[in-house]
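Heads up, the thing below is written out as structure tokens.
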Amino acid sequence: MATIQEFAVVIDIGSTKITALAGNKTANGRIHILGQAQVPSRGIKRGVVLNPEEFAYALKELIGRLETQVDHTITTVSVCMAGMAINTAVYEGVRHIETGIVSQSDVDYLEQEASRTPLEPGHRIYHMFLRNYEIGDESDVTVPVGHEGRRLLARYTIISAPASYRDSVAKALSKLGIEIGIFALSPLAIAEAVVTGEEKDLGVVSVDIGGGTTKICCFGNGRMQYMAVVPFGGEVITRDLKEALSILQKKAEQLKVEYGQAIGDFAEEGKFVAIPGSEGWEHKEISFKSLAYIIQARLEEIIDSALLYIEKSGLPDHTAQGIVISGGTSKMPNLVQLVKYRTGMDARLGFLQFKLAENADIDKTAFMGALGLLKIALRSSLPFQQNKLEAPPQTKNNTSRRGNRFFSHLGEKVSQQIKLIFEEDNLNS
């Protein structure tokens with residue numbers, strides 16, 4: 001009789017690419033990658049779906065590639081994405097305790113009140129995190145239930161964004177007969193992959209410089225405190241090079257990736273790179289220094305914009321560890337030094353903070369958001385996060401089995417997602 005194995009499937013929707021992973025846990029708690037796929041983003045700009053039909057076509061191609069690898073029809077996926085319209089708010093609620101002993105119902109009442117916080121029209125709460133409890137004169141109570149006191153105060157960080165973020169993805173996936181499991185905003189998924197629990201305790205900021213956006217997630221006292229998205233990323237550097245040199249987009253991108261660096265003063269003197277002409281046009285050249293200064297100017301704009309949000313969070317004075325930098329642009333030589341100089345904070349490059357199975361062959365930088373979300377999905381006990389894989393598989397042609405299935409959307413509970421994010425477990429071993 002064939003055995004049944006659970007595996008999770010996740011999709012990270014970015015401005016320049018959409019990545020997907022299928023994976024499960026090994027006996028020693030590591031993550032085993034069963035399949036991986038990547039397609040260029042279609043119908044998306046700065047993390048927001050603008051053309052549903054183009055977007056649905058990209059998802060169909062992505063899922064098809066992944067199903068070929070796992071040799072099974074995928075029915076449920078967890079998704080992360082982020083546009084610039086993300087809002088962070090702090091809810092503060094008070095409950096008077098008539099009995100003098102805090103009960104679970106008192107805690108639940110404040111959580112429910114926080115989940116009903118008024119939002120901007122068309123927005124919904126995607127994540128809610130406890131900041132702290134206060135009982136009487138005692139602040140930062142860890143376990144309020146059973147504590148003596150007449151006044152319970154609770155503070156929550158509330159992350160909201162347009163409801164259309166999830167709705168547009170759910171609509172596209174429903175056409176493929178696929179339901180959404182966890183829906184997370186991608187700054188959280190990325191931070192889950194690159195930030196340690198110790199760093200969250202001390203205070204740290206995750207800054208992911210992607211193609212179309214720069215995603216920011218701030219932590220203090222072990223908890224997520226603030227989230228924001230800067231509406232531009234590494235693509236603005238490519239665009240500047242394209243316009244400054246009057247060259248094709250793909251040549252500008254290649255120039256940036258192969259020869260660029262983050263600080264002009266560090267570039268070699270008297271060294272040039274030739275740019276071949278095409279269609280009869282003469283070749284061009286640019287010095288390493290000039291190239292680096294163009295890149296540095298745009299990087300400084302990105303870093304300064306991120307710093308404005310970090311300062312808005314109120315955390316810089318408490319961010320002992322500094323900034324963790326990830327994203328495709330993080331590969332730029334001397335970027336860490338530039339971030340330190342512009343922000344006055346310490347910085348390091350982001351790398352995966354949990355172990356994969358030994359046979360994993362994956363570009364961790366490109367799949368960082370998907371890896372973080374995969375960890376969250378595998379840690380979840382919610383049954384709808386899992387797909388079933390028969391071993392050995394019986395069907396060889398998955399695409400033909402997809403048909404016109406349509407599953408109703410699952411109801412959402414904010415409280416389910418609160419406890420899924422950033423809890424340490426044996427995946428870190």
Subset of segment 1-48 that is hydrophobic (A, V, I, L, M, F, W, C) and modelled with pLDDT under 85 - its residue that is farthest from Ala228 (Cα to Cα)
Met1
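So, of the residues in segment 39-54 that are farther than 24 Å from Gly23 by Cα and not charged (D, E, K, R), which turns out to be surrounded by the fewest Cβ atoms within 10 Å (Cβ to Cβ)? Walk me through how you get there before you give the answer.
Narrowing segment 39-54 to residues farther than 24 Å from Gly23 by Cα: 42-54.
Then keep just the ones that are not charged (D, E, K, R); that gives 43-44, 47-52.
Values: Gly43: 18, Ile44: 24, Gly47: 27, Val48: 22, Val49: 23, Leu50: 11, Asn51: 13, Pro52: 14.
Only one residue fits best here, namely Leu50.
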Tell me, which strands (runs of 3 or more DSSP E) wholly within segment 259-367 include 3 or more residues that are in the same structural domain as Phe219 (by TED's automatic domain parsing) and under 30 Å from Gly23 (Cα atoms)?
322-326
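Looking for whichever is of a type outside the set (Gly, Ala, Ser) and either over 18 Å from Met345 (Cβ atoms) or under 17 Å from the mean Cα position of the chain (by Cα) (or both) here; the options are Leu202, Leu153. Which one fits?
Working: Leu202 fails: either over 18 Å from Met345 (Cβ atoms) or under 17 Å from the mean Cα position of the chain (by Cα) (or both).
The conditions single out Leu153.
Looking only at strands (runs of 3 or more DSSP E) that fall completely inside segment 123-169, which ones have 3 or more residues that are crowded, with 17+ Cβ neighbours inside 10 Å?
Numbers: elements: 123-135, 138-141, 151-162.
Because the criterion is at least 3 residues that are crowded, with 17+ Cβ neighbours inside 10 Å, the strands (runs of 3 or more DSSP E) in segment 123-169 that meet it are 123-135, 151-162.
Answer yes or no: is there a residue in segment 93-105 that is part of a helix (DSSP H, G or I) and outside the structural domain of Ile362 (by TED's automatic domain parsing).
Pass one, segment 93-105, residues part of a helix (DSSP H, G or I): 104-105.
Then drop every residue that is not outside the structural domain of Ile362 (by TED's automatic domain parsing), which leaves 104-105.
Within segment 93-105, one or more residues are part of a helix (DSSP H, G or I) and outside the structural domain of Ile362 (by TED's automatic domain parsing).
Among the residues that make up segment 62-76, is at least one of them of a type in the set (Lys, Arg) and surrounded by 18 or more Cβ atoms within 10 Å (Cβ to Cβ)? So that I can check it myself, show each step before the final result.
Our first condition is that a residue be of a type in the set (Lys, Arg); within segment 62-76, this holds for 65.
Okay, now just the ones that are also surrounded by 18 or more Cβ atoms within 10 Å (Cβ to Cβ), so none.
No, segment 62-76 contains no residue that is of a type in the set (Lys, Arg) and surrounded by 18 or more Cβ atoms within 10 Å (Cβ to Cβ).
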In segment 95-130, residues that are farther than 30 Å from Gly211 by Cβ and without any contact (Cβ under 8 Å) to a residue 60 or more places away in the chain total 22
Looking at (1) at pLDDT 95 or above; (2) surrounded by 17 or more Cβ atoms within 10 Å (Cβ to Cβ); (3) over 30 Å from Tyr226 (Cβ atoms); (4) out of contact with any helix residue (DSSP H, G or I) (no Cβ under 8 Å at 6 or more places or on another chain), which is the one condition that is false for Leu110?
(3)
Please work out if Ile216 is more than 14 Å from Ile323 (Cα to Cα), assigned to a strand (DSSP E or B), among the β-branched types (Val, Ile, Thr) and in contact (Cβ under 8 Å) with a residue 24 or more places away in the chain.
no
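Does Leu188 satisfy being in contact with a Leu (Cβ under 8 Å, 6 or more places away or on another chain) and in a helix (DSSP H, G or I)? Steps first, please.
Numbers: in contact with a Leu (Cβ under 8 Å, 6 or more places away or on another chain): no; in a helix (DSSP H, G or I): yes.
No.
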In segment 68-109, residues that are of a type in the set (A, V, I, L, M) and under 28 Å from the mean Cα position of the chain (by Cα) total 11
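Is it the case that some residue within segment 271-293 is within 30 Å of Val195 (Cα to Cα) and surrounded by fewer than 16 Cβ atoms within 10 Å (Cβ to Cβ)? Even if it seems obvious, please write down each step before you answer.
Residues of segment 271-293 within 30 Å of Val195 (Cα to Cα): 292.
Applying the additional criterion that residues be surrounded by fewer than 16 Cβ atoms within 10 Å (Cβ to Cβ) yields none.
Looking for residues that are within 30 Å of Val195 (Cα to Cα) and surrounded by fewer than 16 Cβ atoms within 10 Å (Cβ to Cβ), one finds none in segment 271-293, hence no.
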For residues in segment 19-29 being out of contact with any strand residue (DSSP E or B) (no Cβ under 6 Å at 6 or more places or on another chain) and not in a strand (DSSP E or B), which is surrounded by the most Cβ atoms within 10 Å (Cβ to Cβ)?
Gly29
Quick check on Met84: is it closer than 19 Å to Tyr165 by Cα and either assigned by TED's automatic domain parsing to the domain that holds Ala172 or part of a loop (DSSP other than H, G, I, E, B) (or both)?
yes
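The values are calculated or read from the model by the stated rules, or taken from the named source; none is laboratory data. For clarity, every value in this text was computed on a predicted model and none was experimentally measured. All Cβ positions, glycine included, derive from the backbone under ideal geometry; neighbour counts span all protein chains shown.
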